[in-house]
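S.K.: Before we start, here is the structure in question, set down as structure tokens.
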Amino acid sequence: MKWPGGKRWLADTVAALFSKRDRYVEPFLGGGAVYFTLKPRTAILADINEDLIAAFTSVRDHPSAVIRRLSVLRINRETFRRYRGASPDTMLDRAVRLLYLNRTAFNGIYRVNAKGRFNVPFGCKKGTKVCDGENLRACSRALKGSTLTSADFRTVLREVRVSDAIYIDPPYTVKHDNNGFRRYNERIFSWNDQVDLARKLNFLAENGAEVVVSNACHKEVSGLYSRQDFAVVEIERASCVAGDAQHRGPCKELLLISRSIGRHADLDGIFKSSGVRARLVAGIR
Ligand SMILES: C[S@@+](CC[C@H](N)C(=O)[O-])C[C@H]1O[C@@H](n2cnc3c(N)ncnc32)[C@H](O)[C@@H]1O
């Protein structure tokens, strides 16, 4: 699933960092690019977006029903408007709505505003398929060992053990910035959330959990993470997607990699072979 801030481009690299821990946890699931690359046997997957979790839960438990419902839907403005305006109650209806809108909206994404309303116009590419049955069945199989929850990250992190592997990909909120994209994020994920999140992750990393964090390339953000417990790596992405053309083009992001990973993984080798440009800025070796 294509998702704003999705990590398909980085998924192989992040997946290569983890050793085989018993359980994988991803509290900011979005489209789950890293999860579907790693395909761990047991996982806790969560996101604050209830419709997204309803979609993954229905795909996991009732793939045939999802496929049956999606495969009869046409791609046109009228159907799009009908689904965009709907507020379904059942898990299956919510799943069908999200998957339909995700496929048919402009740029093929599903995005909600601060009030939780879907806010992308119609506009998918020619040849788009609303229903890829084979892919949905593969996703269903990949999700079999996962627990899916719609919750705030704090609730999920309370359940985490220091023996877990954890991937964190929150909205990229920074403290001071007037860029519209970040102003939008600030309303859904505040600077206080960033601070709270880092505090919990510092504790988990210090106690041996394998933690990888994607975040905005900003000193204030990296400053929240303990230098004893995290390596700070700047990575470059070929092209950033932003609301306006001015913000497209190469851009930097941060990866924070916990000490427990630095001990077993050959970071230089992983970045070299994945083709992702990376520079160790600070922290453990
Ligand atoms: C950058 S996206 C994750 C993208 C994902 N890694 C992928 O590959 O598609 C961030 C996700 O965090 C979720 N989110 C925002 N605030 C949250 C919170 N307080 N607790 C849990 N999830 C949250 C959003 O709904 C969004 O799906």
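S.K.: In nm, to one decimal, how far is the N113 label point from the T128 one, both placed 7 Å along Cα→Cβ?
M.R.: 2.0
S.K.: Straight-line reach from K20: which lysines have Cα under 16 Å away, leaving out those fewer than 8 places along the same chain?
M.R.: Cα-Cα hits under 16 Å: K39.
S.K.: When only C-alpha pairs under 8 Å and at least 6 residues apart count, what is the relative contact order of region 1-147, in percent?
M.R.: RCO, region 1-147: 27 percent.
S.K.: Quick check on region 55-141: what does the Kirkwood estimate of hydrodynamic radius come out to from the alpha carbon pairs, in Å?
M.R.: 13.1
S.K.: Kirkwood Rh, Cα Rg: Rg to Rh for the chain?
M.R.: The Rg/Rh ratio comes out at 0.96.
S.K.: Could I ask something else about it? For helix 191-206, report the angle its Cα long axis makes with the longest principal axis of the Cα atoms of the chain; keep it between 0 and 90° and round to the nearest 10°.
M.R.: The answer is roughly 60 degrees.
S.K.: Measuring from label point to label point, each 7 Å out along Cα→Cβ, what is the A282 to E234 span in nm?
M.R.: In this crude label model, A282 to E234 measures out at 1.2 nm.
S.K.: Which entries of K129/K272; K115/K252; K7/K175; K129/K252; K2/K129; K2/K125 show an alpha-carbon separation above 25 angstrom in the structure shown?
M.R.: K129/K272; K115/K252; K129/K252
S.K.: With r defined as the distance between the Cβ atoms of R41 and H264 and R0 fixed at 30 Å, what FRET efficiency is calculated, to the nearest 0.05?
M.R.: So the FRET efficiency works out to roughly 0.95.
S.K.: Roughly what angle does helix 91-104 make with the longest principal axis of the chain, taking Cα atoms, 0 to 90 degrees, to the nearest 10?
M.R.: 80
S.K.: Report, to the nearest whole %, how much of the accessible area of the chain belongs to carbon and sulfur atoms, 1.4 Å probe, protein only.
M.R.: Carbon and sulfur: 47 percent of the exposed surface of the chain.
S.K.: Continuing with this model, one more query. Using θ = phi - 60° and the Karplus curve 6.51 cos²θ - 1.76 cosθ + 1.60, what whole-Hz ³J(HN,Hα) does each residue of region 229-235 get, with Gly and Pro shown as x?
M.R.: Computed from phi, the couplings for region 229-235 are 10, 10, 8, 9, 10, 8, 10 Hz.
S.K.: Rounded to the nearest Å, what's the spacing between the alpha carbon centres of region 184-236 and region 36-96? Just the number, please.
M.R.: 30
S.K.: I've got another one for you. If I fit a long axis through the Cα atoms of helix 50-61 and take the longest principal axis of the Cα atoms of the chain, what angle between them do I get, 0 to 90°, rounded to 10?
M.R.: For 50-61 against the chain, the angle is about 80 degrees.
S.K.: Please list the non-local residues whose amide H lies under 5 Å from the amide H of T147, H modeled 1.01 Å from N, same-chain partners needing a gap of 5 or more.
M.R.: HN-HN under 5 Å from T147: A43, I44, L45.
S.K.: Nearest 500 deg cm²/dmol is fine: what mean residue ellipticity at 222 nm does the chain get from its DSSP H runs of n ≥ 4 alone, each adding -39,500 (n - 2.57), divided by its residue count?
M.R.: Calculated from helices alone, the mean residue ellipticity at 222 nm is -11500 deg cm²/dmol.
The values are calculated or read from the model by the stated rules, or taken from the named source; none is laboratory data. Predicted model only: the values in this text are computed from it and were never measured. With ideal geometry, Cβ positions are generated from the backbone for all residues, glycine too; neighbour counts draw on all protein chains shown. Ligands, DNA and RNA are excluded from the accessible area calculation, which covers all protein heavy atoms including side chains. Shrake-Rupley method; radii C 1.70, N 1.55, O 1.52, S 1.80 Å.
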